[in-house]
1. Going residue by residue through region 3-19, is there one that turns out to be of a type in the set (Phe, Trp, Tyr), part of a helix (DSSP H, G or I) and modelled with pLDDT of 95 or more?
2. Restricting to region 26-44, name every residue that is part of a loop (DSSP other than H, G, I, E, B) and aliphatic (A, V, I, L, M).
3. Quick one: Lys42 ticks every box in (1) touching a helix residue (DSSP H, G or I) at 6+ places or on another chain (Cβ under 9 Å); (2) under 17 Å from Ile76 (Cα atoms) bar one, so which box is it?
4. Could you grab the pairs with beta carbons closer than 7 Å, sequence gap of 6+ or different chains, first residue in region 17-31 and closer than 15 Å to Arg61 by Cα, second one assigned to a helix (DSSP H, G or I) and of a type in the set (Lys, Arg)?
5. Are any residues in region 46-66 without any contact (Cβ under 8 Å) to a residue 12 or more places away in the chain and either assigned to a helix (DSSP H, G or I) or among the polar types (S, T, N, Q) (or both), and if so, which ones?
6. Of the residues Lys42, Lys14, Lys26, which is of a type outside the set (A, V, I, L, M, F, W, C) and exposed (fewer than 12 other Cβ atoms within 10 Å of the Cβ)?
Amino acid sequence: MESKMNCENCRNLKVGKFNFQELKIKWDDIYSPTSITEGYEKRMIRESDKTGKPFEMIRMRFVYCNLGVLSRFYIIRGKAPLKPKTSMQGCKLYT
């Protein structure tokens, strides 16, 4: 029986704050040749509209797997960035 695994103690899990261009670069480093989805840009545009800041100035915090095991970057909301990610169950790279 496979146990559920929480990735919060995995040293491959990282937290970073990126504007959209920085996020695209990090995404390409991890997931190339798969392109970043348009949802990240749309979310940052909405944040820009909401705050009145220029799009280029919008920086958001994300949690991600540095080895690309998680299928995406997760936006951090609130103060607790590390929650169990279902795709980490049974991760062979969990350390």
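The values are calculated or read from the model by the stated rules, or taken from the named source; none is laboratory data. All values derive from a computational prediction rather than experimental measurement. Neighbour counts are summed over all protein chains in view; Cβ atoms, including those assigned to glycine, are modelled from backbone coordinates with ideal geometry.
1. Step one: of region 3-19, the residues of a type in the set (Phe, Trp, Tyr) are 18.
Those still in the list that are part of a helix (DSSP H, G or I) too: none.
No: region 3-19 contains no residue that is of a type in the set (Phe, Trp, Tyr), part of a helix (DSSP H, G or I) and modelled with pLDDT of 95 or more.
2. Step one: of region 26-44, the residues part of a loop (DSSP other than H, G, I, E, B) are 32-37.
Passing the criteria: only Ile36.
3. All conditions pass for Lys42, except number (1).
4. Cβ pairs passing all conditions: Phe18/Lys26.
5. Within region 46-66, Arg46, Ser48, Asp49, Lys50, Thr51 meet the criteria.
6. On the way: Lys14 fails: exposed (fewer than 12 other Cβ atoms within 10 Å of the Cβ); Lys26 fails: exposed (fewer than 12 other Cβ atoms within 10 Å of the Cβ).
Among Lys42, Lys14, Lys26, only Lys42 is of a type outside the set (A, V, I, L, M, F, W, C) and exposed (fewer than 12 other Cβ atoms within 10 Å of the Cβ).
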